[in-house]
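Below is one structure, written out as structure tokens; the observations come after it.
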Amino acid sequence: MTRGMPDSASDVFCRFHDAWTRGDLPAVLTCVDPAVVVHPLHGVLFTRKEFRGPEGVLEWYREMTEPWERFDVLVERVDDVPGGAQGIIKVVGYRGYEDFHARIGVDAEMRDGRILTLTARDVDDLESQLDSADGAGG
């Protein structure tokens, strides 16, 4: 990469999720804006529908990973879109002989090269949208 050239939104998206999987929370926080707001898929996994700021990201991380011996987030696909990136991730938790995996769609809004919002969404809807955009561009 050329010095001084900003990372693409997709680069930041991938770097965030890679750091998350490694448990490198300082690197996770370098990827997010101080005013970050996260909207994970809600359900029994989380105590809140949104997590705000760096402290919220750390709380979200704890809630997501503590029940598991190992927790991986794998980026299956990510595309730059106006104002950010959209991606499909696979989350996998391991505990003894038990495992959990799910595919999740994610919208990432960016500000100044950092993630401002992360919003989970229906993976099938996002996959269809991304595939349609691919077809329109070719």
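Only the coordinates and a few stated rules stand behind these numbers; no lab work does. Bear in mind the structure is a predicted one, so any value in this text is a computation, not a measurement. When we count neighbours, we look across all protein chains shown, and the Cβ atoms used for this are built from the backbone with ideal geometry, even at glycine.
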- request: Report ³J(HN,Hα) in whole Hz for each residue of segment 7-12, in order, from the Karplus equation J = 6.51 cos²θ - 1.76 cosθ + 1.60 where θ = phi - 60°; Gly and Pro get x.
  value: 5, 6, 4, 4, 4, 5
- prompt: What does the charge add up to near Leu118, with Lys and Arg as +1, Asp and Glu as -1, over the other residues with Cβ less than 12 Å from its Cβ?
  reply: -1
- line: Correct response: the longest run of the chain lacking exposed trypsin sites (Lys or Arg not before Pro), defined by DSSP loop and at most 12 other Cβ within 10 Å, is 50-138
- line: So, relative contact order of the chain in percent, Cα under 8 Å, 6 or more apart, is 24 percent
